[in-house]
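Structure, as structure tokens:
The values are calculated or read from the model by the stated rules, or taken from the named source; none is laboratory data. Every value quoted in this text rests on a predicted model; they were computed, and no experiment measured them. FYI the Cβ positions are ideal-geometry reconstructions off the backbone, even for glycines, and counts take in every protein chain you see.
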Amino acid sequence: MNQIKVLAPMAGITDGTFCKNMLKHGFDMVTLGGYNADPHTESAGREILSRGRLEFDINEEELVEHIDRQTSLIKDQGFWNGLISVNLRSVTPEPIITISKLKNVDVVEINAHCRQPEITKLGCGQELLKKTIFLENFTKEVVQKAKSQVSVKIRTNVSDVDDIEISKTIEKANADYLHVDAMNPGFDTADYDLIKNIRGETNLFIIGNNSIKDIESARKMLSSGADGISIARAAINGTLPFDLSKI
Ligand SMILES: Cc1cc2nc3c(=O)[nH]c(=O)nc-3n(C[C@H](O)[C@H](O)[C@H](O)COP(=O)(O)O)c2cc1C
């Protein structure tokens with residue numbers, strides 16, 4: 001599979017109905033979530049909601065059934081044979097492994113990206129980038145026990161984090177995809193040089209993300225060495241301002 005085009009996760013937005021409506025744009029993979037998959041992150045999600053940010057507020061006991069319903073909505077579109085990924089925040093690997101066993105889930109995505117303080121104080125989301133050994137063991141356990149493929153979503157240029165070391169850690173843990181939000185603080189373009197560096201240092205399947213809003217930015221991400229691109233904000237209104245097939 002080459003040059004995969006992915007709908008990136010947006011908490012509170014990318015549910016089954018949203019993803020289903022985006023299929024016509026030609027995505028090869030759509031991402032549900034991010035979901036809070038255990039009681040700790042679920043309660044953090046409620047705090048985030050209460051201060052006005054969007055979240056999916058699903059009870060932990062109902063999450064498996066909820067995701068099963070969302071994936072059915074998408075897969076029931078007979079014409080589409082792409083992949084469904086589910087972006088998950090969790091303190092431990094188990095809830096992620098459980099969700100990987102659902103029949104329509106093709107990829108579980110470990111969220112090492114969320115920077116909301118309610119999540120990072122649990123040692124989750126972006127905080128995982130600061131705990132290399134923990135992240136490696138966490139990812140290894142998911143890879144070993146999951147029934148689906150495994151992606152790890154990271155954010156770049158976080159202070160005190162070595163992005164190359166993190167990428168190598170995820171490669172060592174044998175994840176199928178590295179989903180990189182190549183955030184470049186102070187710029188409204190991705191850190192393409194960092195994508196080139198990760199490409200040079202690893203053999204990971206890289207899904208390059210951040211500020212892809214037209215054909216040019218998508219091509220630049222691919223020519224920097226990403227195997228695919230992903231799009232969030234440019235799709236937030238449920239449409240896409242450019243034609244994915246022209247990339
Ligand atoms: C409203 C919103 C919610 C988001 N929620 C999540 C999330 O739950 N999990 C995650 O990994 N990334 C989340 N993201 C980050 C996006 O997936 C993406 O990495 C980021 O927006 C940069 O890509 P873009 O420039 O294409 O928007 C969210 C972004 C937005 C705008």
Margin query: Tally up the residues in the stretch 213-238 that are under 23 Å from G16 (Cβ atoms), without any contact (Cβ under 8 Å) to a residue 40 or more places away in the chain and aliphatic (A, V, I, L, M), please.
Written below: 1
Next item on the list: Please go through the stretch 1-27 and pick out each residue that is outside any helix (DSSP H, G or I) and within 14 Å of the ligand (Cβ to nearest atom).
Entry: K5, V6, L7, A8, P9, M10, A11, G12, I13, T14, D15, F27
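Can you tell which of D191, D163 is surrounded by 20 or more Cβ atoms within 10 Å (Cβ to Cβ) and over 17 Å from the mean Cα position of the chain (by Cα)?
Going through D191, D163 in turn, just one is surrounded by 20 or more Cβ atoms within 10 Å (Cβ to Cβ) and over 17 Å from the mean Cα position of the chain (by Cα): D191.
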Check: Can you find a residue in the stretch 232-246 that is within 15 Å of the ligand (Cβ to nearest atom), out of contact with any Asp or Glu (no Cβ under 8 Å at 6 or more places or on another chain) and within 21 Å of D106 (Cα to Cα)?
Finding: yes
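So which of N104, N21 ends up being touching a helix residue (DSSP H, G or I) at 6+ places or on another chain (Cβ under 6 Å), modelled with pLDDT of 95 or more, surrounded by fewer than 24 Cβ atoms within 10 Å (Cβ to Cβ) and of a type in the set (S, T, N, Q)?
Only one candidate passes the filter, namely N104.
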Notebook entry, point to check: Does at least one position in the stretch 167-176 carry a residue that is in contact (Cβ under 8 Å) with a residue 24 or more places away in the chain, within 15 Å of the ligand (Cβ to nearest atom) and within 18 Å of the chain's Cα centre (by Cα)?
Noted result: yes
Note to self: Looking at the structure I just gave you, is L32 touching an Asp or Glu at 6+ places or on another chain (Cβ under 8 Å) and under 24 Å from P241 (Cα atoms)?
What the structure shows: yes
Notebook entry, point to check: Pick from the stretch 28-46 the residues that are in contact (Cβ under 8 Å) with a residue 24 or more places away in the chain and more than 13 Å from the ligand (Cβ to nearest atom): which of them is farthest from I84 (Cα to Cα)?
Noted result: H40
Check: Do you know which residues across the stretch 130-160 are closer than 19 Å to A37 by Cβ, of a type in the set (A, V, I, L, M, F, W, C) and surrounded by 15 or more Cβ atoms within 10 Å (Cβ to Cβ)?
Finding: L135, F138, V142, V143, A146, V150, V152, I154
Next item on the list: Go through (1) assigned to a loop (DSSP other than H, G, I, E, B); (2) at pLDDT 95 or above; (3) not hydrophobic (A, V, I, L, M, F, W, C) one by one and return the number of the condition G200 breaks.
Entry: (1)
